[in-house]
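J.: Have a look at this one.
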Ligand SMILES: [Zn+2]
């Protein structure tokens with residue numbers, strides 16, 4: 001099962017833990033050159049190595065190995081050429097070797113939908129196309145002969161990013177009208193997971209309330225809006241991404257509020273899929289994140305904590321452009337006072353709906369940030 005997305009321990013490992021799973025994690029960190037030998041307990045040095053790894057990979061930096069960090073550590077050990085890469089429908093292969101393969105194909109002009117380290121049908125198609133061009137048996141599997149051909153061939157001087165071009169072409173082709181589009185709204189947390197709590201507010205409740213406000217507005221413009229969870233449910237990130245993919249949505253918006261042990265931490269930030277390795281990112285996701293962030297900052301007095309590339313499951317495993325918002329800190333007196341106010345939530349909901357509209361407006365029809373009102377949307 002090595003290399004499959006669901007292999008490995010499902011628990012959460014942190015300082016003080018021991019046992020078989022911890023030994024496996026330590027061994028993997030050592031093989032990646034992140035940790036010296038001589039550790040058998042999840043100690044301070046292990047947590048330090050994990051934090052460094054998480055930072056490098058665009059993961060949540062907490063020094064704790066949960067399922068997502070475990071999968072990323074597992075992915076990191078593969079180099080292109082280590083194993084046969086092929087499309088496995090039931091559990092697509094993931095790993096740094098897939099990421100390198102996709103980046104290489106892209107560089108050579110064979111477009112994959114996204115450089116995400118997941119060997120899906122689009123990667124299989126790009127490999128097949130490459131093999132055909134090279135006069136190799138076109139089976140869509142990257143084995144030794146395909147690997148050798150990939151190493152041999154020099155990239156064409158295209159310089160462009162076929163994935164980015166294709167993604168923006170899809171947006172253009174979708175047209176400016178909102179009606180007929182599908183948007184998945186993902187209220188963070190839920191069920192027994194309240195997320196951050198502060199000043200009598202729960203992140204899970206705020207996220208759900210905001211989702212309902214956005215859903216109502218989108219519905220009025222003819223958008224099919226789907227919520228990824230019910231009021232009292234708390235599916236995991238993989239289930240949420242799978243749900244979004246099943247709806248074949250145009251966009252996905254994940255709603256969170258932030259929190260911190262430091263009561264002074266405050267502000268709004270938006271995240272999109274991206275990874276510094278091989279310059280992988282979702283171009284439309286990045287653009288969408290910028291629009292959402294700017295619209296919220298222009299319409300509220302939340303501090304601008306900017307947009308950032310991350311590899312979180314909901315961003316990486318959704319096929320459509322997806323963003324995750326952290327709207328204010330419930331642990332901050334200023335932000336929590338705003339979040340508690342239903343009128344403020346309406347302003348945020350409107351800002352997000354306007355940003356969704358602006359993704360689809362051609363430059364000559366686009367409005368200035370903070371100016372577009374709900375009644376002016378192109379339905
Ligand atoms: Zn959250």
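J.: Would you check which residues across the stretch 74-104 are under 15 Å from residue 146 (Cβ atoms) and free of Cβ contacts under 8 Å to residues at least 40 places away in the same chain and list them?
T.: Once the filter is applied, which keeps residues that are under 15 Å from residue 146 (Cβ atoms) and free of Cβ contacts under 8 Å to residues at least 40 places away in the same chain, the stretch 74-104 yields 82, 97, 98.
J.: What number of residues in the stretch 28-68 are under 28 Å from residue 272 (Cβ atoms), assigned to a loop (DSSP other than H, G, I, E, B) and touching a strand residue (DSSP E or B) at 6+ places or on another chain (Cβ under 6 Å)?
T.: 1
J.: Now, a different point. Which one of the conditions (1) within 23 Å of residue 178 (Cβ to Cβ); (2) in contact with a strand residue (DSSP E or B) (Cβ under 8 Å, 6 or more places away or on another chain); (3) assigned to a helix (DSSP H, G or I) does residue 226 fail to meet, given that it meets all the rest?
T.: For residue 226, the exception is condition (3).
J.: Restrict the check to the stretch 323-332 and report whether at least one residue is in the same structural domain as residue 188 (by TED's automatic domain parsing), away from the ligand (no atom under 16 Å from the Cβ) and not in a strand (DSSP E or B).
T.: No, the stretch 323-332 contains no residue that is in the same structural domain as residue 188 (by TED's automatic domain parsing), away from the ligand (no atom under 16 Å from the Cβ) and not in a strand (DSSP E or B).
J.: Which residues, taken from the stretch 7-27, are in a helix (DSSP H, G or I) and more than 24 Å from residue 316 (Cα to Cα)?
T.: 20, 21, 22, 23, 24, 26, 27
J.: Answer yes or no as to whether residue 52 is more than 28 Å from residue 142 (Cα to Cα), surrounded by 15 or more Cβ atoms within 10 Å (Cβ to Cβ) and at pLDDT below 95.
T.: Yes; evaluated as a whole, the condition is true for this residue.
J.: In the stretch 197-207, how many are touching a strand residue (DSSP E or B) at 6+ places or on another chain (Cβ under 8 Å) and under 14 Å from residue 234 (Cβ atoms)?
T.: Of the residues in that region, 3 qualify.
J.: Looking at 346, 341, 313, 301, can you tell me which residue is within 16 Å of the ligand (Cβ to nearest atom) and closer than 21 Å to residue 203 by Cα?
T.: 313
J.: Would the stretch 311-333 turn up any residue that is modelled with pLDDT of 95 or more, surrounded by 22 or more Cβ atoms within 10 Å (Cβ to Cβ) and out of contact with any helix residue (DSSP H, G or I) (no Cβ under 8 Å at 6 or more places or on another chain)?
T.: yes
Here is a yes/no grid of residues against (1) surrounded by 13 or more Cβ atoms within 10 Å (Cβ to Cβ); (2) within 16 Å of the ligand (Cβ to nearest atom); (3) at pLDDT 85 or above; (4) not assigned by TED's automatic domain parsing to the domain that holds residue 116:
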{"position": "142", "(1), (2), (3), (4)": "yes, no, yes, no"}
{"position": "161", "(1), (2), (3), (4)": "yes, no, no, yes"}
{"position": "185", "(1), (2), (3), (4)": "yes, yes, yes, yes"}
{"position": "191", "(1), (2), (3), (4)": "yes, yes, yes, yes"}
{"position": "203", "(1), (2), (3), (4)": "yes, yes, yes, yes"}
{"position": "206", "(1), (2), (3), (4)": "yes, yes, yes, yes"}
{"position": "213", "(1), (2), (3), (4)": "yes, no, yes, yes"}
{"position": "219", "(1), (2), (3), (4)": "no, no, yes, yes"}
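J.: Let me ask something else about it. Just checking, which of 346, 276, 301, 341 is more than 23 Å from residue 173 (Cβ to Cβ), surrounded by fewer than 24 Cβ atoms within 10 Å (Cβ to Cβ), at pLDDT below 95 and in the same structural domain as residue 210 (by TED's automatic domain parsing)?
T.: Step by step, each of 346, 276, 301, 341 is checked, and only 276 is more than 23 Å from residue 173 (Cβ to Cβ), surrounded by fewer than 24 Cβ atoms within 10 Å (Cβ to Cβ), at pLDDT below 95 and in the same structural domain as residue 210 (by TED's automatic domain parsing).
J.: Quick check on this structure: which one of 155, 137, 176 is part of a loop (DSSP other than H, G, I, E, B), modelled with pLDDT under 90, away from the ligand (no atom under 16 Å from the Cβ) and exposed (fewer than 14 other Cβ atoms within 10 Å of the Cβ)?
T.: When all the criteria are applied, what remains is 155.
J.: Being modelled with pLDDT under 95 and at positive phi: is that true of residue 308 here?
T.: no
J.: Another question, then. Does residue 362 fit the bill of being over 19 Å from residue 219 (Cβ atoms), in the same structural domain as residue 302 (by TED's automatic domain parsing) and surrounded by fewer than 11 Cβ atoms within 10 Å (Cβ to Cβ)?
T.: Taking the combined requirement at face value, the residue satisfies it.
J.: With the condition kept exactly as written, say whether any residue in the stretch 238-259 is part of a loop (DSSP other than H, G, I, E, B), at pLDDT 95 or above, assigned by TED's automatic domain parsing to the domain that holds residue 183 and within 16 Å of the ligand (Cβ to nearest atom).
T.: There is at least one residue in the stretch 238-259 that is part of a loop (DSSP other than H, G, I, E, B), at pLDDT 95 or above, assigned by TED's automatic domain parsing to the domain that holds residue 183 and within 16 Å of the ligand (Cβ to nearest atom).
J.: Applying the selection to the stretch 262-272, what residues are farther than 22 Å from residue 242 by Cα and within 15 Å of the ligand (Cβ to nearest atom)?
T.: Of everything in the stretch 262-272, those that are farther than 22 Å from residue 242 by Cα and within 15 Å of the ligand (Cβ to nearest atom) turn out to be 265, 267, 268, 269.
J.: Take the residues of the stretch 261-273 that are in contact with a strand residue (DSSP E or B) (Cβ under 7 Å, 6 or more places away or on another chain) and at negative phi: which is modelled with the lowest pLDDT?
T.: 273
The values are calculated or read from the model by the stated rules, or taken from the named source; none is laboratory data. From a predicted model like this one, the values you see are computed outputs, not experimental measurements. No Cβ is skipped: glycine too gets one built from the backbone with ideal geometry, and neighbour counts run over all protein chains shown.
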